[in-house]
1. Looking at the stretch 126-165 only, could you name the residues that are out of contact with any Cys (no Cβ under 6 Å at 6 or more places or on another chain), of a type in the set (A, V, I, L, M) and within 21 Å of Asn107 (Cα to Cα)?
2. Count, please, the residues in the stretch 126-154 that happen to be surrounded by fewer than 18 Cβ atoms within 10 Å (Cβ to Cβ) and either outside any loop (DSSP other than H, G, I, E, B) or in the same structural domain as Ile190 (by TED's automatic domain parsing) (or both).
3. Tell me, which residue of the stretch 53-77 that is more than 24 Å from Glu121 (Cβ to Cβ) and more than 20 Å from the chain's Cα centre (by Cα) is surrounded by the most Cβ atoms within 10 Å (Cβ to Cβ)?
4. Select from the stretch 70-106 the residues that are part of a helix (DSSP H, G or I) and closer than 28 Å to Ala236 by Cβ and list them in ascending order.
5. From Ala169, Ala177, grab the single residue that is on the phi > 0 side of the Ramachandran plot, of a type in the set (A, V, I, L, M) and in the same structural domain as Lys224 (by TED's automatic domain parsing).
6. Could you check how many residues of the stretch 99-122 are buried (at least 21 other Cβ atoms within 10 Å of the Cβ) and in contact with a strand residue (DSSP E or B) (Cβ under 9 Å, 6 or more places away or on another chain)?
7. Does Tyr167 satisfy the criteria of being farther than 25 Å from Ile143 by Cα, of a type in the set (Ser, Thr, Tyr) and either in contact with a strand residue (DSSP E or B) (Cβ under 9 Å, 6 or more places away or on another chain) or surrounded by 13 or more Cβ atoms within 10 Å (Cβ to Cβ) (or both)?
8. Given the options Glu185, Glu259, Glu222, name the one that is free of Cβ contacts under 8 Å to residues at least 12 places away in the same chain, part of a helix (DSSP H, G or I) and more than 20 Å from the chain's Cα centre (by Cα).
Amino acid sequence: MIIFPQAKINLGLHVLFKRPDGYHEVETCMHSIPLFDILEINLAEEFSFHQSGLVVDSEPNSNLCVKAYQLMKQQYDCPPVYMHLRKQIPMGAGLGGGSSDAAHVINGLNELFQLTISVEERENIAAQLGSDCPFFIEGTPKIAAGRGEILNDVTVDLSGYHLKLIYPAIHVGTAEAYTDVTFYEGEKRISQILTQNIKNWQAELTNSFENSIFQKHPLMLEIKENLLQEGAVYAAMSGSGSTLFGIYEDLPILSDLPESYQQFCLSL
């Protein structure tokens with residue numbers, strides 16, 4: 001079977017406080033976008049995993065796809081498979097590519113072996129792999145709370161809009177992102193803000209990571225400002241960075257950027 005794990009953007013991201021367990025309480029809206037990796041899963045005599053496309057700087061056994069298979073084998077005694085992941089979603093970019101790959105391994109094995117595992121149970125398995133993973137089990141717009149694993153449906157209709165993504169090849173580690181994060185102190189929840197006209201989002205739909213990260217990487221602020229200047233009705237950083245995105249009423253054109261950057265123009 002061949003499946004297409006999709007990327008996501010964050011529409012707002014509020015870091016509320018640091019919890020006693022060391023995690024941070026967050027609130028965000030995750031929204032899938034039409035940017036995909038390619039994942040092939042087939043029956044095999046012994047398990048193997050291969051990866052192509054963008055270079056992943058890690059050992060194959062540490063890949064979330066492998067860990068997802070191991071969890072499924074442990075819990076459901078899945079037979080061996082051959083997996084091939086073609087990586088196309090930029091890594092460490094706030095787009096959730098690795099989390100999506102892992103979730104789609106769970107979904108793929110469930111379908112391939114007709115395991116009939118419920119959505120809730122697949123989300124529970126995915127939560128063991130990472131905070132973003134449960135979202136990708138269904139991939140429909142969700143408000144994520146807790147450390148990101150508590151999901152609730154939300155209605156967000158971006159059909160007819162267009163998206164420009166710019167990944168400036170700046171690595172922002174999770175620890176760095178949380179070091180000087182600004183806790184959200186506003187009264188409005190993200191679900192409330194999203195009910196407003198999209199043209200009002202820019203003033204209120206914020207990402208708590210932006211202030212501190214933009215101070216350390218002013219180029220990222222410049223990219224966001226350029227997206228707004230060229231006509232985006234809303235622009236923000238996705239997740240803890242470093243991808244910047246703009247939502248447009250008309251299809252944007254690619255920007256003149258250094259070769260080290262990655263950019264995409266997509267229709268939602």
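1. Ala127, Leu129, Ile137, Ala144, Ile150, Leu151
2. The total comes to 4.
3. Going through the stretch 53-77, the residues more than 24 Å from Glu121 (Cβ to Cβ) turn out to be 53-62.
Checking the rest, the ones that are also more than 20 Å from the chain's Cα centre (by Cα) come to 59-61.
Values: Glu59: 8, Pro60: 14, Asn61: 9.
Only one residue tops the list, namely Pro60.
4. Of all residues in the stretch 70-106, those part of a helix (DSSP H, G or I) come to 70-76, 97-106.
Selection gives Gly97, Gly98, Ser99, Ser100, Asp101, Ala102, Ala103, His104.
5. Working: Ala177 fails: on the phi > 0 side of the Ramachandran plot.
Only one candidate passes the filter, namely Ala169.
6. Summing the residues that are buried (at least 21 other Cβ atoms within 10 Å of the Cβ) and in contact with a strand residue (DSSP E or B) (Cβ under 9 Å, 6 or more places away or on another chain) in the stretch 99-122 gives 8.
7. Values: farther than 25 Å from Ile143 by Cα: no; of a type in the set (Ser, Thr, Tyr): yes; either in contact with a strand residue (DSSP E or B) (Cβ under 9 Å, 6 or more places away or on another chain) or surrounded by 13 or more Cβ atoms within 10 Å (Cβ to Cβ) (or both): yes.
Answer is no for this residue.
8. Working: Glu185 fails: part of a helix (DSSP H, G or I); Glu259 fails: part of a helix (DSSP H, G or I).
After ruling out the rest, the residue left standing is Glu222.
The values are calculated or read from the model by the stated rules, or taken from the named source; none is laboratory data. In this text, all values refer to a predicted model and were calculated from it rather than measured experimentally. Here Cβ is always computed from backbone atoms with ideal geometry, including for glycine, and neighbour counts include all displayed protein chains.
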